[in-house]
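Since the structure comes first, as structure tokens, the remarks are kept for the end.
The values are calculated or read from the model by the stated rules, or taken from the named source; none is laboratory data. Note that the coordinates shown come from a computational prediction; the quantities given were computed from them, not determined experimentally. Every residue, glycine as well, gets a Cβ built from its backbone with ideal geometry; the counts of neighbours run over all protein chains shown.
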Ligand code: NAP
């Protein structure tokens, strides 16, 4: 039996375990997917020593960057994004990959229209880097919105002209994620129009306040659930190639 798992903390959401264990059951695959909540990344070495049958690991918040020094090799895309969410064990070597970019790209592509040329990316963490990698790839320009003015524009600088000049808005912050569902990024929603594509990487709740405010201003909206499924599918492909 092959063992797979997810490391992170506190691992409240069980999407990946449900997704993979259902896949194993449906496909008669002799494998198991487990959650491993690590109190700190130093526990990683003890984990892989204890479970020598581990065939692949997914990595989530807060370890997507902290895991990098523990790996033997980094896939070039993960290196560029500077975040790892998938680890493959190959000949006793640990290889880090990023599949978030893949999930994001596959899920947003069908929604892009010819007027979607410029994006606002809210937040500047690992997920924002994966989104930037995709936009670089697609030739879509972007501006980062951050609490730190050194990273781009601040939320206070967002006005009608900025929103009208950027018809894609991506939330890469944790604002609005369950259980803090009353929160949302502080942007001037009244300037969102039916030409906007508004995407939240958050998938719980289904419709965050960010998406609801945008939908009420007639934007096309999308949550992060499909991205999550696609990144898992890509991880499975990497583990099996
Ligand atoms: P992260 O590294 O912690 O970065 C989040 C960024 O959000 C930070 O860099 C920060 O940017 C901003 N931020 C944090 N707290 C904030 C606050 N209170 N107010 C305003 N901005 C704040 O997290 P991540 O790994 O990039 O993930 C971000 C979100 O994407 C999470 O909700 C995660 O669940 C989701 N995600 C979803 C998928 C999927 O498959 N759907 C995949 C990956 C991530 P500044 O300091 O620049 O303001």
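Values as computed for the structure displayed
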{"item": "So residue 55, is it touching a residue at least 12 places away in the same chain (Cβ under 8 Å), within 29 Å of residue 1 (Cβ to Cβ) and not in a loop (DSSP other than H, G, I, E, B)", "result": "yes"}
{"item": "Qualifying residues in the stretch 174-212 (those that are without any contact (Cβ under 8 Å) to a residue 24 or more places away in the chain and assigned to a loop (DSSP other than H, G, I, E, B)) - the one surrounded by the most Cβ atoms within 10 Å (Cβ to Cβ)", "result": "207"}
{"item": "Test set (1) more than 10 Å from the ligand (Cβ to nearest atom); (2) closer than 21 Å to residue 113 by Cβ; (3) surrounded by 20 or more Cβ atoms within 10 Å (Cβ to Cβ) - residue 223 fails condition number", "result": "(1)"}
{"item": "Residue under evaluation residue 164, criteria (1) surrounded by 14 or more Cβ atoms within 10 Å (Cβ to Cβ); (2) within 24 Å of residue 109 (Cβ to Cβ), criterion not met", "result": "(1)"}
{"item": "All helices (runs of 4 or more DSSP H) inside the stretch 68-153 with 2 or more residues being touching a residue at least 12 places away in the same chain (Cβ under 8 Å), more than 9 Å from the ligand (Cβ to nearest atom) and under 22 Å from residue 56 (Cβ atoms)", "result": "76-81, 100-108"}
{"item": "So residue 35, is it under 18 Å from residue 201 (Cα atoms), in contact with a helix residue (DSSP H, G or I) (Cβ under 7 Å, 6 or more places away or on another chain) and either assigned to a strand (DSSP E or B) or without any contact (Cβ under 8 Å) to a residue 24 or more places away in the chain (or both)", "result": "no"}
{"item": "Sole residue being surrounded by 11 or more Cβ atoms within 10 Å (Cβ to Cβ), farther than 24 Å from residue 240 by Cβ and at pLDDT 95 or above, chosen from 17, 37, 46", "result": "37"}
